1. Run residue 149 past the list (1) at pLDDT 95 or above; (2) in a helix (DSSP H, G or I); (3) more than 21 Å from residue 212 (Cα to Cα) and report the number of the one that doesn't hold.
2. Looking at this structure, is residue 184 assigned to a loop (DSSP other than H, G, I, E, B), within 14 Å of the ligand (Cβ to nearest atom) and either crowded, with 22+ Cβ neighbours inside 10 Å or modelled with pLDDT of 95 or more (or both)?
3. Just the residues that are within 10 Å of the ligand (Cβ to nearest atom), part of a loop (DSSP other than H, G, I, E, B) and over 15 Å from residue 160 (Cα atoms), please, taken from region 222-246.
4. Please verify whether region 90-99 includes one or more residues that are under 30 Å from residue 169 (Cβ atoms), part of a loop (DSSP other than H, G, I, E, B), within 15 Å of the ligand (Cβ to nearest atom) and in contact with a helix residue (DSSP H, G or I) (Cβ under 7 Å, 6 or more places away or on another chain).
5. If the requirement is being farther than 26 Å from residue 46 by Cα, without any contact (Cβ under 8 Å) to a residue 24 or more places away in the chain, within 13 Å of the ligand (Cβ to nearest atom) and in the same structural domain as residue 187 (by TED's automatic domain parsing), which of these qualifies: 106, 129?
6. Being part of a helix (DSSP H, G or I) and surrounded by fewer than 19 Cβ atoms within 10 Å (Cβ to Cβ) is the requirement here; does residue 284 meet it?
7. Could you look through region 293-318, keep only residues that are in a loop (DSSP other than H, G, I, E, B) and near the ligand (Cβ under 9 Å from one of its atoms), and pick out the one that is surrounded by the fewest Cβ atoms within 10 Å (Cβ to Cβ)?
8. Among the residues of region 277-292, are any more than 14 Å from the ligand (Cβ to nearest atom), in contact with a helix residue (DSSP H, G or I) (Cβ under 6 Å, 6 or more places away or on another chain) and assigned by TED's automatic domain parsing to the domain that holds residue 89?
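The values are calculated or read from the model by the stated rules, or taken from the named source; none is laboratory data. Keep in mind that what you see is a predicted model, and the values were worked out from it rather than measured. Neighbour counts run over all protein chains shown; Cβ positions are idealised from the backbone, glycine included.
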Ligand SMILES: Cc1ncc(COP(=O)(O)O)c(C=O)c1O
């Protein structure tokens with residue numbers, strides 16, 4: 001829906017969020033004495049939210065989050081999978097709680113994010129821990145993670161190991177824990193599939209020269225070296241090639257490589273249960289034309305089905321960005337636009 005706002009300053013690039021954020025729309029104003037249109041999020045006028053909470057106010061559409069989650073979920077069909085929302089993309093506790101209630105798992109990159117999940121009662125077997133530079137304390141916290149109120153075992157679903165140094169710490173900590181009756185943690189190695197993925201150079205992570213993940217020869221060496229370990233159980237392999245990717249081709253290339261790695265490990269008697277393909281699907285901010293979540297999910301499903309693994313997906317932006325606008329009052333005028 002397009003709209004022209006007479007009070008809008010041409011100096012600021014104006015983007016009408018109603019064109020790319022579903023569940024936000026222009027409607028005839030219901031305010032007393034008003035004659036124009038106003039923006040609503042699921043029938044709630046943004047202006048009233050801004051007046052109530054002050055600005056800047058961040059407004060999220062629950063219906064949009066639900067649609068995004070369900071579209072991915074449905075697109076993956078019968079493939080065994082868990083969507084693990086990337087907490088780094090939005091750590092709002094109400095949003096996390098809502099996603100947990102929908103059945104989402106979570107991908108975290110810090111001890112702080114783990115703490116958020118503990119506060120809202122997310123079970124450890126719904127959490128994967130990614131992220132470069134996890135420190136010993138964070139690893140220990142994740143190994144001992146427990147949601148007291150709900151009982152259950154300690155620990156998390158999967159550690160996505162990003163370096164040999166991190167693996168050493170994880171193994172040391174797991175050994176310490178085993179001395180007190182703990183079980184060996186499940187691990188995956190984040191590999192760098194050496195794939196050029198769209199997005200901005202600063203958020204592309206899947207090429208050999210990027211610091212994220214291990215090159216395959218290095219990853220394979222670590223898988224083999226720890227294949228009989230008493231302190232870690234290899235359960236998965238992971239990759240995340242970047243963010244705001246607006247074509248399917250890089251995902252297709254990365255999945256092909258990952259499938260090859262899974263096969264190679266299987267031939268070496270390392271049979272992985274989880275394939276974690278990260279996040280990265282782009283969204284429309286202005287003139288981008290990303291694939292739909294359903295198209296993306298279908299591609300992933302088709303390529304992963306034959307591997308006989310459980311898929312983990314770590315979507316962030318593709319769930320939360322279309323659900324959000326920020327509203328602020330500036331010079332006594334009301335502006336609103338999409339989050340950047
Ligand atoms: C390891 C990992 N997983 C998932 C994500 C989420 O990516 P996106 O928000 O592009 O879906 C990121 C973001 O950088 C990431 O680093």
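1. Residue 149 satisfies all of (1) at pLDDT 95 or above; (2) in a helix (DSSP H, G or I); (3) more than 21 Å from residue 212 (Cα to Cα) except (1).
2. No: the conditions fail for residue 184.
3. Within region 222-246, 243, 244 meet the criteria.
4. yes
5. The match here is 106.
6. no
7. Among them, the one singled out is 316.
8. Checked against the condition, which is being more than 14 Å from the ligand (Cβ to nearest atom), in contact with a helix residue (DSSP H, G or I) (Cβ under 6 Å, 6 or more places away or on another chain) and assigned by TED's automatic domain parsing to the domain that holds residue 89, region 277-292 yields no hits at all.
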